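> Dropping a structure here in structure tokens format, bear with me for questions.
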Amino acid sequence: MSFKEQCNQFFSAALPTDVKVFRMAVSIYGAQCLISAVLSALLRCPVFLPLLLLAGGCVSAAVLWLHRRYHNVTAFAIAYLFLLHILMLPFLSIFCENALYDFPVYFIEGIAFTAIILKGWRAIVMVLAEIIMDLYCIDLMTERMLADMASQGGVIDYSYLLYFRIMLAIGMTGIGCGLLIAYRNRLLREEMRKGSEMESRAEQVNYAKDMFLVNVSHEIRTPLNAILGMSESLMDLETDDRIKENAFDITNSSKALLAIINDLMDFSRIDYSDMRVEEDCYYVGEMFDELINLLSVRFSDYNMEFFVDLSPGIPEKLWGDGAKFRQILSTLATGLAKSMASGEIYFTVEGVMETRAQISLRIELCGRGVFRYSYEKQLQEEEQANKAYGDQEGALVKKLIRLLGGIFHIEEKANERIYRFEISQGYEEPKPIVESGREDVCILFYENSIIQGSAFAKVLQGMGLRFCQVSSNEYFYEECVKEQYTHIMIASERYEGMKDRLAQLLPPQSVILVGAGAAAYDDALIRTTFSRPVNCLNMDALLGNRKNSSIKYMQYRGGFICPEAKIMVVDDNAINLEVASNILKKYEAQVLLMSSGKECLNYLQDESVDLILLDYMMPEMDGIDTLKRIRALPIPELMHVPVVALTANAVSGAREMFMEAGFDEYISKPIGLNKFDRMLREYLDRDKIIFTTNKEAANED
């Protein structure tokens, strides 16, 4: 191997920077010692001087050889600097004639080399030791020089040799320090270049990862949207209830999968090296509703019972980082379920107003049952997983909570574990996620167990609703026939043994099943199935006849009438008005016929209606313009009146266009009787519908 190859191997780029700097410093020191030894021998200095300098060069070579075998940079650096600058150099300076003129320069070189080679407190200690030793040596050299001057009558002979020694000291020190500093700077520039390349490569990898996730998300969403659309369409068809039940399960599972994909995208956007709060306005009710439905699907896989106590008074629009807040809740709840073999999970959210624009959300997740492992073991696993992302400070959830200004608390007992944290969020208006205290609602319910019944009652109490909780079959039979109850709810587990008796007591479409998610029910009694966990959000959707992932409205195969319902039909064609009027006569509804949008608006300023059927293609003011002006009228009730588009436009994308314009539903002409029948049942208030016992087959489109 050539000398150049050996040098390249000795100062290999793969070596750590501190190793290369140490080897270069020792090499410079060794070369200086050997050069000084040769010059001192040529100048016929006392024999001990070149011998000591030669020994210094040999020590440097020995240190380099030993370091290649044992690789301990710090220990070798301290020992080497101590040997040269605490022992050998002071010894030479004391016994060398006129050393005061050139040796202080070597002392400065030693201090500079020490500061470059060592780091931290070791460098400080070694530099201080060298300064103390140097001052002591300078003091001794000064005393000796003064003694020599006194013995020579105050005169010192400044020979050319002394000038040469001074210039040599300055030159060797300057060259040595310059070479070491230049080498160190070159290494720093190389590190900066590599760092820049790694940063650029990391950005490219991160961009590739983001693009991969975006593409994968898009590829998954495309068929998933088709699955959701088809399954929801199946639920609207006149088909067997078992098929509709399966379609309902597919819809909920697809929504859960879509929520997982959203979680994955939110999780991938988190920058672990520089996480920051990205505040924006978000609808907390929608977030909680989606999260609860997702968790209920996940917990069913773990055979966990799930209970939710969500304060209905929380403002519906909050200001904060909703994505990180949702990520915290999802991660905590899923981790808690994975750590349990069986039991129940309680999710509690309480809102406490701090100021007129700030609310404190107090979150509690409690697991009760049999645990597979303790929280400490779970935390260790999370920390090991997070280290892969550069998070060295603990679990990501705790870091996110601290980032949002909260404090995380854990309580753990033998069969119980509780997670608590509290964060502050801003809000723009005090409108709550759920309006409380509806006087027109009175609920009768019969749950399957005491714990489920207590959770149900707590939700109804929080919403300020009137209710009656029964605890036996006979008590339920007595209460269900009373007219005061607007909603009769019974656990699906109890319904099977009671349905024959209830069929004798109750009319069709009068029972709401709670917890029905596995079996299909095609008997006429059932109006709705209502999946657990019961909470203020899905209960409010049930009371308002709105769509929700936990609610399935069953198809009634009998007939109904709505004599108290006022239905307005707006169409510029007299024949179309007559057709719509004839269809509505079947339902005995109060029909209002309007020939233009202007006539419709004039009527609505003084009178109220329950449903509006609005034609799209009308002169002067089309259906979309009419809808916008209806919603703009200063009458609060008109903001919630269902408006259904009637149009001959049945091309692909027409329904999406009308729904985006603000219509509640879309019916194409000619009007299909089955779809019209379903539309009335869905959008008219339940108290305006009277079900009949007509069991004839439904009319065909």
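The values are calculated or read from the model by the stated rules, or taken from the named source; none is laboratory data. Remember, it's a predicted structure, so these values are computed and weren't measured experimentally. Note that we place each Cβ from the backbone using ideal geometry, even for glycine, and neighbour counts take in every protein chain shown. Each accessible area value is taken on the protein alone, full model and side chains, heavy atoms only, with ligands, DNA and RNA left out. Shrake-Rupley method; radii C 1.70, N 1.55, O 1.52, S 1.80 Å.
> So if each residue of separation counts as 0.36 nm, and I subtract the Cα-Cα distance between Ala61 and Leu505, what length gain in nm does that give?
On the way: separation 444, 0.36 × 444 = 159.84 nm, distance 10.51 nm.
Taking 0.36 nm per residue and subtracting the Cα distance, the gain is 149.3 nm.
> Still on this model: Quick check: net charge around Gly406, other residues with Cβ under 10 Å of its Cβ, Lys/Arg +1 and Asp/Glu -1?
+3
> Lys and Arg at +1, Asp and Glu at -1: add these up for the other residues within a Cβ distance under 12 Å of Met568 and post the number.
-4
> Still on this model: Within the range 527-660, count lysine pairs with alpha carbon atoms under 26 angstrom apart where the residues are 8 or more positions apart or belong to different chains.
Lysine pairs satisfying the spacing and distance rule in the range 527-660 number 8.
> Follow-up. Work out how much length Ile166 to Tyr603 would gain on full extension: take 0.36 nm times their residue separation and subtract the Cα-Cα distance, in nm to one decimal.
Between Ile166 and Tyr603, full extension yields 146.3 nm more.
> Right, here's the next one. Which order do peptides 136-149, 605-618 fall in by mean Cβ count within 10 Å, highest first?
Taking the mean over residues of other Cβ atoms within 10 Å, the ranking is 605-618, 136-149.
> Sorting check: for 534-542, 575-583, which peptide has the highest mean count of neighbouring beta carbons within 10 Å, and how do the rest follow?
Those peptides, ordered most packed to least, come out 534-542, 575-583.
> Turning to a different aspect of this structure: Per residue, how many Å² of accessible area does the range 389-543 show with a 1.4 Å probe?
44
> Also: Considering only DSSP beta bridges with both partners in the range 462-617, what is the antiparallel share in %, to the nearest 5? Don't skip to the answer; put the middle values down first.
Working: 3 of 20 bridges.
The antiparallel fraction comes to roughly 15 percent.
> OK, next. I want to check the label-to-label distance for Arg631 and Ile131. Put each point 7 Å from Cα in the C-beta direction and report it in nm to one decimal.
7.6
> Sorted by packing (mean other beta-carbon atoms within 10 Å per residue), highest first, where do 29-42, 465-478 land? Don't skip to the end; give the middle numbers.
Values: 29-42: 18.1, 465-478: 15.1.
Highest mean packing first, the order is 29-42, 465-478.
> So, in Å, what gap is there between the alpha-carbon centers of the range 26-44 and the range 443-486?
Each part reduced to its Cα centre gives a spacing of 101 Å.
> Taking a ≥ b ≥ c as the square roots of the Cα gyration tensor eigenvalues, with a/c under 1.5 meaning rounded and otherwise prolate when a/b beats b/c, else oblate, which class fits the range 31-122? Could you put the intermediate results ahead of the total?
Details: a/c = 2.66, a/b = 1.51, b/c = 1.76.
Taking the square roots of the gyration eigenvalues as a ≥ b ≥ c, the range 31-122 is oblate.
> Is any residue of the range 329-350 close enough, with backbone N under 11 Å, to a label point placed 7 angstrom from the Cα of Val370 along the Cα-Cβ axis, and if so, which?
Within reach of a label on Val370: 341-343.
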